[in-house]
Every structure is written in structure tokens, then in C-alpha cells.
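No value in this document is a laboratory result; all are computed from the given coordinates. The structure presented is a predicted model; accordingly, all values stated were derived computationally and were not measured. So basically every Cβ, Gly included, is an ideal-geometry build from the backbone, and we count neighbours across all protein chains shown.
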Amino acid sequence: MTLAIAGRLLYLPVAFLPLWPGFAPQPGLALLIGLIALSAALGHATVPLWFAWMGDLIPHRVLNRYWGVRQGAMLLVWTMVYLAIAVFTFYTPGLPARYSFPALTLIGCAAGVSDILLFLRVREPPNSVTVSEHPWRRLMEPLRDRNYRTLVWFSCYFSGVTNLAAAFMLIYALKGLQLEVWKATVIWCAAAVGNAVVSPMWGRIADRHGHRPVLRICVALKPLIALVFALVTREHAFGVLSAAFFFDAMLNSGVQIASNGFMLKEAPRENRSMFIAANSALSGIAAGLGAIAGGYILEATASFSVAALGRVWNHYHLIFLLSFALRLYAVRLSGRIREPASTGSMEVLNELLALWPVKALLFPMGLYRRIRGAGDHGASAGLVRGRGME
């Protein structure tokens, strides 16, 4: 808890440092980057410990359902706070960011520290570790576990190729598509709402059928968002991206719940924190390398411009199409994840289509088909009656 609190409190000097008398941008920027890096390091150091703790507390039979409800509630709160901040900035256009940002950071840090202190009331089960094992052997154990290793390789590849484009989607929306800030805010809120709506559903499915089919279904559709960004035009960007982000967030929800559930259930209790740390650290490194590679490609192809198919293609389109192609291989990797007791993906997909969130999304299509079918039937009946009168 101490590390987590320290990591969140480090945002206070980050926010208030520009207000310090004599603050110089050049050396000050390096200090800001250092503080943010230290805050992130402290925060991420606690992630494996927290996950391992939750793995001990939550019964495995309802692990994914609990995670789904928690994730849904968390994202709904995030959406409300995000919109509240957007309203605040909209109604205070004359307030400089150097004053508004510290005020918002102060509120955020207070909420973040209060969140951590609430865990003081949560019991901690007896610790179970293997003290006789060599540290290097414990460090490498996650990669020697045949089932768990498949998740680690998938997570690394998927994080890298996803972040290759995802790190630049907001920049492209604001600069490339020239969306107004409020429209970008609505789009990203749509993503949070889409994630929250289906999180409980994914949790129930994962508890009933296993994590592998949920991952396979969601990962199979994940390349679509990169293709949407590559093809969307400025005129239709707001509506198309809002719908696409809502749908993509539903897939992200399934990937997160299935990955976390598999990670917690497959990791042995004696070395659970090391298993979680291996997956989190390696996939995090892969995500960072993916973003760096994407930035390098964008800079190297900054002058790229080709007129074809009635539009101009630039370096952003290249990175989105590349990410789309690379994400397709993640579908194959998700099929290699070993979970012998899980249900087949097609059986889960058939059940998924009958559940209410998906049924609600498919309702307009079904309604259109019914209306179209009724119209065709009426026209056919009229034709038959007309021929009878002849």
C-alpha cells in the first residue's frame, strides 16, 4: 500500500511544479518526465501483489463474474468523471491549464489515496510461499509452465501490435481527422460505456465456458478497429468512430476479463505474484516497444502521400493498415492458448448471440429484415390476388 500511495502522490509535484517561481521549461521538463516515470514504476510494482491478493480472496468459481461487475462499475464511474472534467473545462475557457490541472490533480490524488486506504478493512489470508526454491528458478517458472507460457506469448504479441496503432489514434482523430475536442471526448466515452455494458456478460461466460473461447472470439474481431481508422473519412468520422469504439470496447472487455481470469486461475498460489509479474511486465514492455516502433515508422514515412481510390493516403494510414495485418496473426496465437477444460468457440458464439447485449445490438438488423420480409410478403400476396382477378 505504501508504494501505491507514494506513486499516486508523486502526481502532486508533477502538477504543481510549473507554478514554482523560477521554473525553467528545459530542465523542468526532464524532471517532470522523471517524476512521471517514478510514479508509474511505483504503481506498476504493486500490480502483481494486488492481483495475487485478489486471487486469494475471490472464490475461483465466481472469479470472472466478480471481475466483470467490478470492471463495469469502474468504467461507469470513469465515464462520469471524464464527462465532469470535460464540462468543467468547457465552462472555464479562460482558466489557464497551469491552474486548472493542479486543481483537478489534487482532487484525483485525494480520491486515489482514499481508494487505497479502503483496503485496510480487507482481510489478508495467510501467506503461502516456497522458501527452499532458488530465486532464479522461481523467476523462470512462469515461462516453464506449458499452459501459462501460451498466455505470456500471446499477451506480448497482442500488446505490441495493438499499441503500434492504438498509441496514435487520438492524435490522428484530433489532427488528421480534425475532430473537435468535445467530439473526441464523446468517442472515448463511448468506448468506456461499451466496455462497461458487456463486462458482466463476459464474466459469466468465462466462468461457465472458460477463458480461451472468450479470447478467441474477441481477438478475431479486434483487427477491425485499425481498419476503420484506415478507411474512415473526415465527414463521417464522428458517427463511425463512436460506433466503432463502442463495439471495439466490448471486445476489449472480453480480452481483459479472459486474460486476467486465466492468469489468476493458472498461476499457483505459492508463486502467484511472480506469474502475474511475468505476464504484466513482458506484455507491458511489448506494448511500449510497439508504441516506439509506431512512432519511428510515422516519423520515417512522414512524407508519404499517395492519391488512390478517390482519396489521399498518408503515413497514418500505413500504420493502421500494418497494425490490422499484424493483428490477424494474434487470432492464431489465441488459438494456441492451452485450456483443455474450456468449451469450443463456436458453441460459445452461438450462446453469445442469444444474450441481451448482443441481441440488442442485432435488433435493428432483425427489425429491418422483418419489415422487409413483411413488405415482400404483402407484395407477393397482392400480385397473387391480382392474377386471380384476371
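Descriptive notes on the structure:
- Here the simple spin-label model places points 7 Å from the Cα toward Cβ, and for I85 and A281 these points are separated by 3.0 nm.
- Helices assigned as whole DSSP H runs in the chain whose Cα atoms extend at least 20 Å along their own long axis and whose mean Kyte-Doolittle hydropathy is 0.5 or higher are found at 25-45, 63-91, 97-117, 181-209, 237-266, 272-300, 315-335.
- Student exercise, the chain dipole from Lys, Arg, Asp, Glu Cβ charges, in Debye to nearest 20: 720 debye
- For segment 135-366, the C-alpha radius of gyration sits at 1.08 times the compact-globule guess of 2.2 N^0.38 Å, with N the residue count.
- Between W313 and V306, A307, A308, the built amide H atoms are under 5 Å apart, and every one of these is 5 or more places off in sequence or on another chain.
- Packing-based order for 307-315, 327-335, using average beta carbon neighbours within 10 Å, highest first: 327-335, 307-315
- Calculated mean residue ellipticity at 222 nm for the chain: -26000 deg cm²/dmol, from DSSP H runs with n ≥ 4 weighted as -39500 (n - 2.57), summed, divided by the residue count and rounded to 500.
- Nearest-0.05 FRET efficiency for A45 and L120, computed from C-beta distance (R0 25 Å): 0.80
- Packing, as the average of other Cβ atoms within 10 Å across residues, places the peptides 81-89, 157-165 in the order 157-165, 81-89, highest first.
- Once the Cα-Cα distance is subtracted from the 0.36 nm per residue extended length, the L309 to W182 segment shows a gain of 42.7 nm.
- The alpha carbons of the chain stretch over 92, 56, 42 Å along the principal axes, in descending order.
- Extreme residue, positive dipole direction of the chain, given options W78, V232, Y296 (C-beta unit charges): V232
- Partners for K175 among aspartates and glutamates (Cα-Cα distance below 19 Å; same-chain residues under 8 apart left out): E235, E299
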